[in-house]
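As structure tokens, the structure follows; a few thoughts come after it.
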Protein chains: 2
Amino acid sequence: MQTLKVNLGERSYPIHIGEGLLDLPELFAPHIIGRQVAIVSNKIVASLYLERLSHSLAAYSVISVILPDGEINKNWKTMQLIFDALLTARHDRYTTVVALGGGVIGDMAGFAAACYQRGVGLIQVPTTLLSQVDSSVGGKTGINHQLGKNMVGAFYQPQAVLIDTTTLNTLPSRELSAGLAEVIKYGLICDKSFLVWLEKYIDDIRALSQVALTEAISRSNTAKAFVVNADERESGVRATLNLGHTFGHAIETYMGYGTWLHGEAVAVGTVIALEMSQRMGWISIQERNYGIHLFLRAGLPVIPPAEMTEADFLERMIIDKKVIDGRLRLVLLRHIGEAVLTDDYPKEILQTTLRANYNALVHCKS
Amino acid sequence: MQTLKVNLGERSYPIHIGEGLLDLPELFAPHIIGRQVAIVSNKIVASLYLERLSHSLAAYSVISVILPDGEINKNWKTMQLIFDALLTARHDRYTTVVALGGGVIGDMAGFAAACYQRGVGLIQVPTTLLSQVDSSVGGKTGINHQLGKNMVGAFYQPQAVLIDTTTLNTLPSRELSAGLAEVIKYGLICDKSFLVWLEKYIDDIRALSQVALTEAISRSNTAKAFVVNADERESGVRATLNLGHTFGHAIETYMGYGTWLHGEAVAVGTVIALEMSQRMGWISIQERNYGIHLFLRAGLPVIPPAEMTEADFLERMIIDKKVIDGRLRLVLLRHIGEAVLTDDYPKEILQTTLRANYNALVHCKS
């Protein structure tokens, strides 16, 4: 087991990563203050892991809340099911919510924990690679609004994050690939040596080598924790974690939540950011292709939906949370391994980037 | 103008109290960081004050959101109107929400500011006595759930609270009385000399003397700020601010939100707490009657609804936020001017208190 720490003063918490952590009651106990626990999960994950987790929490009065999964259900109506269950079972303000599932479950259970009686305990038990390297750490919680993704939510830190790497054995390979989009992202924004490591071990990761998975998750979270420590509420450097996300969110919104996986949209969004960074003269064509190649090896899409025009992108990007007073800020790569958040770019470069022929670009790549 | 300060480190903020503050742009400007402002109000208050407030905010891009008012509308569906308006007008994360109205508007606008894009700016401009002395200060925001009042919300501090005492000139006298319930409460829990002052000036307050109002509001907020400074997230002493509220919430829930005003339910709830404190042997019959007399002079009810039984109370009190592991903690008076939060009381005293004949008690009082 590897243990990292997110340092946020009195809101600091550990991230434990390893095989079989679900079965270790002693990892949960220090983070549960009352006698009541509510496990929030979805049908598939619950059928696989709820019994084991409940066994580890046998010392407490436990209820479980099974939510419909998917971005399309990440809304207030679904979250209301959590409040209904907590109130019906008379859970008090010393209850602890345990989020067992992927990013959608973690975001909703986390936001519910932030809001229930103005804030109760929260333990994240992420079961997808995406949530293990991204959404379970850092305290971002929330739901979607029909006019924008993640527009309503809270910054709310968990008491602990428990990552059981064996849960990835049951993850569909499309979702494993989606998680790798965020893993590659950490290398691109702040850790070139991690990219070198990934090039070497990406096939082992896809083959579910526990050693390679633990290392990839640990290095991803180290990068994330470092950035979150420096900027919890995203007033500066934390925004670089959103490399590819502004373009990616536009794809998700255009296609309808759930059609593309978040990680797939981020992969294509990052390819667009690579292309724009190259057009800015900040990275070379070879470096751009190096990034694209990693996404392809991870089993990810790298070409935007053919039906999306420049206008389709811009219209959706303008309601991004990184907009200040109408100016659209973008995360771009100054170098491979160094991201910047900037609104200082010629508008024409953004436009030609969105009009570029990605199909040709990917197939021409040597 | 009087100015108090709530000291919460980087979340500290001023409370300005005085006549005509609505018309002073210089009081708003230091607390607005972006170019966008959203005024949230209700129909009646907007018809009286929206134009003046908008004039003071003319330097910004301002939208207004008019909500249906009343506890019955303090729910997610109503709050959604705020998110719809913010997203439609493309307000970014540097927008500032200005809550113009009473407690219901302040609670919903505050919770919306806490959640919109995970937190934006907030200025409270309370226009009822109740919100001026209570809900606008201290950062409690939230909405009701059909199973309990204020069960979903956030601790979210505003950037400033601006109290224009002349807004009370248009407040119905029943609502002025309701606000006085909380004013009297501050004296009972922590400031006996304030009770002496109130006895002398309560008629002036009800006659809307600006001098008496400013003093009453300022002393109430001084008491509240003192308690909130000591215990922002209500792990201890802050709970004493809820004197009368556990009983009062039971009345509100039983009668249906909005039938009784919150302050009216708190007045009766506090009378029940006075009665129980007397039965505990902590205060004398004379002291109990002294408290009841003040509520009567404030124009408030002091007798629980005749149809509510002991069981009706207990059933609703058990889901109160002050319950830990099924034990009901109550705020009682150890002395007049000194409240305690305790679960150390004989159950029979609670039961006989709830069965007491308040009608007889009030009329026997000399």
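For the structure I just gave you, tell me whether residue B:153 is at the interface with another protein chain (Cβ under 9 Å from one of its Cβ atoms), within 24 Å of residue B:226 (Cβ to Cβ) and touching an Asp or Glu at 6+ places or on another chain (Cβ under 6 Å). Give the steps one after another, and end with the answer.
Working: at the interface with another protein chain (Cβ under 9 Å from one of its Cβ atoms): yes; within 24 Å of residue B:226 (Cβ to Cβ): yes; touching an Asp or Glu at 6+ places or on another chain (Cβ under 6 Å): no.
Spelling it out, it is not the case that residue B:153 is at the interface with another protein chain (Cβ under 9 Å from one of its Cβ atoms), within 24 Å of residue B:226 (Cβ to Cβ) and touching an Asp or Glu at 6+ places or on another chain (Cβ under 6 Å).
Just checking, how many residues over the stretch B:137-147 are on the phi > 0 side of the Ramachandran plot and outside any loop (DSSP other than H, G, I, E, B)? Looking only at that region, the number is 1.
Filter the stretch A:200-211 down to the residues that are in a helix (DSSP H, G or I) and at pLDDT 95 or above and list them by number.
In the first step, residues of the stretch A:200-211 are kept if they are in a helix (DSSP H, G or I); the result is A:200-206, A:210-211.
Correct list: A:200, A:201, A:202, A:203, A:204, A:205, A:206.
In this structure, residue B:134 does not qualify as away from chain A (no Cβ under 13 Å), modelled with pLDDT under 95 and not in a helix (DSSP H, G or I). So which of A:211, A:228, A:196 ends up being in the same structural domain as residue A:178 (by TED's automatic domain parsing), surrounded by 17 or more Cβ atoms within 10 Å (Cβ to Cβ) and among the hydrophobic types (A, V, I, L, M, F, W, C)? Residue meeting the stated conditions: A:228.
For (1) over 20 Å from the mean Cα position of the chain (by Cα); (2) on the phi < 0 side of the Ramachandran plot; (3) of a type in the set (Asp, Glu), each residue gets a yes or a no:
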| residue | (1), (2), (3) |
| --- | --- |
| B:194 | no, yes, no |
| B:203 | yes, yes, yes |
| B:219 | no, yes, no |
| B:254 | no, yes, no |
| B:269 | no, yes, no |
| B:277 | yes, yes, no |
| B:280 | yes, yes, no |
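The listed residues are A:248, A:244, and the only one of them that is more than 14 Å from every other protein chain (Cβ to nearest Cβ), at positive phi and surrounded by 23 or more Cβ atoms within 10 Å (Cβ to Cβ) turns out to be A:244.
The rows are residues; the columns are (1) without any contact (Cβ under 8 Å) to a residue 24 or more places away in the chain; (2) in a loop (DSSP other than H, G, I, E, B); (3) among the aliphatic types (A, V, I, L, M).
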{"residue": "B:215", "(1), (2), (3)": "yes, no, no"}
{"residue": "B:219", "(1), (2), (3)": "no, no, no"}
{"residue": "B:223", "(1), (2), (3)": "no, no, yes"}
{"residue": "B:226", "(1), (2), (3)": "no, no, no"}
{"residue": "B:232", "(1), (2), (3)": "no, yes, no"}
{"residue": "B:247", "(1), (2), (3)": "no, no, no"}
{"residue": "B:251", "(1), (2), (3)": "no, no, yes"}
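Evaluation of residue A:188 against the conditions (1) in the same structural domain as residue A:56 (by TED's automatic domain parsing); (2) buried (at least 23 other Cβ atoms within 10 Å of the Cβ) shows that the sole unmet condition is (1). If you go through the stretch B:107-130 and keep only what is out of contact with any Lys or Arg (no Cβ under 9 Å at 6 or more places or on another chain), more than 9 Å from chain A (Cβ to nearest Cβ), free of Cβ contacts under 8 Å to residues at least 60 places away in the same chain and closer than 20 Å to residue B:8 by Cα, you end up with B:113, B:122, B:124.
Among the candidates B:89, B:114, the residue that is surrounded by fewer than 24 Cβ atoms within 10 Å (Cβ to Cβ), in the same structural domain as residue B:37 (by TED's automatic domain parsing) and small (Gly, Ala, Ser) is uniquely B:89. Pairing each residue of the stretch A:303-314 that is closer than 10 Å to residue A:251 by Cα with any residue that is among the aliphatic types (A, V, I, L, M), provided the two are 6+ apart or on different chains, yields C-beta distances under 6 Å for A:304/A:268; A:313/A:250; A:313/A:354.
Is the stretch A:293-309 home to any residue that is within 18 Å of residue A:347 (Cα to Cα) and within 24 Å of the chain's Cα centre (by Cα)? Steps first, answer last, please.
To start, the set of residues in the stretch A:293-309 that are within 18 Å of residue A:347 (Cα to Cα) comprises A:309.
Filter once more, so that each one left must be within 24 Å of the chain's Cα centre (by Cα): none.
No, the conditions are met nowhere in the stretch A:293-309.
Within the stretch A:82-97, work out how many residues are of a type in the set (Phe, Trp, Tyr) and more than 20 Å from residue B:329 (Cα to Cα). Reasoning before the result, please.
So the first thing to find is which residues in the stretch A:82-97 are of a type in the set (Phe, Trp, Tyr), and the list is A:83, A:94.
If we keep only those that are more than 20 Å from residue B:329 (Cα to Cα) as well, we get A:83.
Total satisfying the criteria: 1.
Sub-8 Å Cβ pairs linking a first residue in the stretch A:278-302 that is free of Cβ contacts under 8 Å to residues at least 12 places away in the same chain to a second residue that is among the basic types (Lys, Arg) and outside any loop (DSSP other than H, G, I, E, B), at least 6 apart or interchain, are A:278/A:288, ordered by first then second residue.
Answer yes or no as to whether residue A:72 is closer than 17 Å to residue A:89 by Cβ and of a type in the set (Val, Ile, Thr).
Numbers: closer than 17 Å to residue A:89 by Cβ: no; of a type in the set (Val, Ile, Thr): yes.
It is false that residue A:72 is closer than 17 Å to residue A:89 by Cβ and of a type in the set (Val, Ile, Thr).
Screening residue A:241 against (1) at pLDDT below 90; (2) under 20 Å from the mean Cα position of the chain (by Cα) leaves a single unmet condition, (1). Filtering the stretch B:136-164 to residues that are crowded, with 24+ Cβ neighbours inside 10 Å and hydroxyl-bearing (Ser, Thr, Tyr) leaves B:136, B:141. Selection within the stretch B:63-92: residues that are basic (Lys, Arg) and farther than 23 Å from residue B:137 by Cα. The member of this set that is farthest from the chain's Cα centre (by Cα) is B:90.
The values are calculated or read from the model by the stated rules, or taken from the named source; none is laboratory data. As the structure is a computational prediction, the values presented were derived from the model and not from experiment. Using ideal geometry, Cβ is built from the backbone for each residue, glycine included, and neighbour counts are taken over all protein chains shown.
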